[in-house]
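Since the structure comes first, as structure tokens, the remarks are kept for the end.
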């Protein structure tokens, strides 16, 4: 290994520790800080960086448990990042195929680019003790630590899913596959399949998703056939149900609330190109640019409004809608296997705030729907208070709202459909379909 590539390699490890520090100590989202850290690295190293960061985040409770056994007292200030470096070393030793020698020597050497050379001896001693005492082979002290979830979330799920709790925990730890939705306005499903086969990209089908393909392993999405031509969008199978459950019809007007990054908006148009009008509403101007980018790439035209769904008076022009898709702000606990930083960025106190916001948006948007119109409520959450309990509460206070018969076993006591992570390889998602009688 040349001096330059060796330094690059150590910087990669240091960059992983820095990203973990930014997420766990500073509360930054992986979507913000990981791409910046990946920027100077080549494709293979970018993938390694994400794999390591996400691996630590998935297994954080057990890594922290090991750290507490081997570190006399927490590190502080500029040395705090070394704790994340050590956990990175633990993760490699316990969960990856790297050699013990490489894991130890390169983790120790990464103290240099982190400007924490004084910690080299400590890092070396901890990692060697970890190996010598075979700490990773010892049993987890409890199921919560083994689950990879924070205590508050573990307890909520334990109460909410008593019948299938262990299965849910296991599925939330599994890495999520990449789902593609073929843009049938641009290319037929069979022709896109041929293009993937020619590029020797492995995939599988989903029986419930006629326009979808599931990639068998990770890929740089922008390098897939037809990316620039708008042949496909990346969208999980559970999210692909939204357009189908909305059931848009020719000549209708549709509002997509909280629409960024625009996947569901685009899918609605692909499913029903003859709608009269679709409005994509998004509160965050930066995220609204993502809607614009997706629309341009996929070749669709939509009205985008920057506005708060809970305050329609600021943007609503008085023209009521036939159908509304409300993909409500939520805990995102259903997509933890895809975005493991969510577990550590979300706090128990956030849930009550989110439930209050969902309630406010539901009440604000309902008057914008025509008599006989439809609201499809959706979240990427698995928490009952954001999902069936939220809708049960809405139905109890809204005289002109009722459930339709889209979902099996849908009842006023437990309305809607809950998809759990791992169900047919999908993310966790919730849907409820409400009809407005007058």
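The values are calculated or read from the model by the stated rules, or taken from the named source; none is laboratory data. The structure presented is a predicted model; accordingly, all values stated were derived computationally and were not measured. Backbone-built Cβ (ideal geometry, glycine too); neighbour counts: all protein chains shown.
Of all the residues that make up the range 137-158, how many are at pLDDT 95 or above and either farther than 26 Å from residue 90 by Cα or surrounded by fewer than 16 Cβ atoms within 10 Å (Cβ to Cβ) (or both)?
Residues in the range 137-158 being at pLDDT 95 or above and either farther than 26 Å from residue 90 by Cα or surrounded by fewer than 16 Cβ atoms within 10 Å (Cβ to Cβ) (or both): 6 in total.
What's the number of the condition residue 101 fails, among (1) without any contact (Cβ under 8 Å) to a residue 12 or more places away in the chain; (2) outside any helix (DSSP H, G or I)?
(2)
Which numbered condition in (1) within 25 Å of the chain's Cα centre (by Cα); (2) assigned to a helix (DSSP H, G or I); (3) under 25 Å from residue 343 (Cα atoms) is the only one that residue 44 fails?
(3)
Kindly provide the set of residues from the range 267-291 that are part of a helix (DSSP H, G or I) and either closer than 19 Å to residue 239 by Cα or modelled with pLDDT of 95 or more (or both), ordered by number. Reasoning before the result, please.
Filtering the range 267-291 for residues part of a helix (DSSP H, G or I) gives 267-271, 285-291.
Matches in the range 267-291: 267, 268, 269, 270, 271, 285, 287, 288, 289, 290, 291.
Of the numbered conditions (1) modelled with pLDDT of 95 or more; (2) surrounded by 20 or more Cβ atoms within 10 Å (Cβ to Cβ), residue 306 fails exactly one; give the number of that condition.
In the conditions (1) modelled with pLDDT of 95 or more; (2) surrounded by 20 or more Cβ atoms within 10 Å (Cβ to Cβ), residue 306 misses (2) alone.
For residue 222, work out the one condition from (1) more than 22 Å from residue 431 (Cα to Cα); (2) outside any loop (DSSP other than H, G, I, E, B); (3) at pLDDT 95 or above it doesn't fulfil.
Every listed condition holds for residue 222 apart from (3).
Does residue 230 fit the bill of being free of Cβ contacts under 8 Å to residues at least 60 places away in the same chain, on the phi > 0 side of the Ramachandran plot and surrounded by 13 or more Cβ atoms within 10 Å (Cβ to Cβ)? Don't jump to the end; show me each part of the working.
Values: free of Cβ contacts under 8 Å to residues at least 60 places away in the same chain: no; on the phi > 0 side of the Ramachandran plot: yes; surrounded by 13 or more Cβ atoms within 10 Å (Cβ to Cβ): yes.
In short, no.
Conditions (1) under 22 Å from the mean Cα position of the chain (by Cα); (2) surrounded by fewer than 20 Cβ atoms within 10 Å (Cβ to Cβ), marked per residue:
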| residue | (1), (2) |
| --- | --- |
| 357 | yes, yes |
| 360 | no, yes |
| 374 | no, no |
| 383 | yes, no |
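Restricting attention to the range 156-188, and to residues there that are free of Cβ contacts under 8 Å to residues at least 60 places away in the same chain and in contact with a strand residue (DSSP E or B) (Cβ under 9 Å, 6 or more places away or on another chain), which single residue is farthest from residue 297 (Cα to Cα)?
My answer is 178.
Give the range 11-33 a look and list any residue that's modelled with pLDDT under 95, in contact with a helix residue (DSSP H, G or I) (Cβ under 9 Å, 6 or more places away or on another chain) and surrounded by 19 or more Cβ atoms within 10 Å (Cβ to Cβ), or say none.
12, 13
Against the definition (in a helix (DSSP H, G or I) and in contact (Cβ under 8 Å) with a residue 24 or more places away in the chain), how does residue 63 come out, yes or no? First the steps, then the outcome.
On the way: in a helix (DSSP H, G or I): yes; in contact (Cβ under 8 Å) with a residue 24 or more places away in the chain: yes.
Judged against the criteria, residue 63 is a match.
Assuming residue 55 fulfils every condition listed in (1) modelled with pLDDT under 95; (2) surrounded by 14 or more Cβ atoms within 10 Å (Cβ to Cβ) apart from one, which condition is it?
Result: residue 55 passes all but (1).
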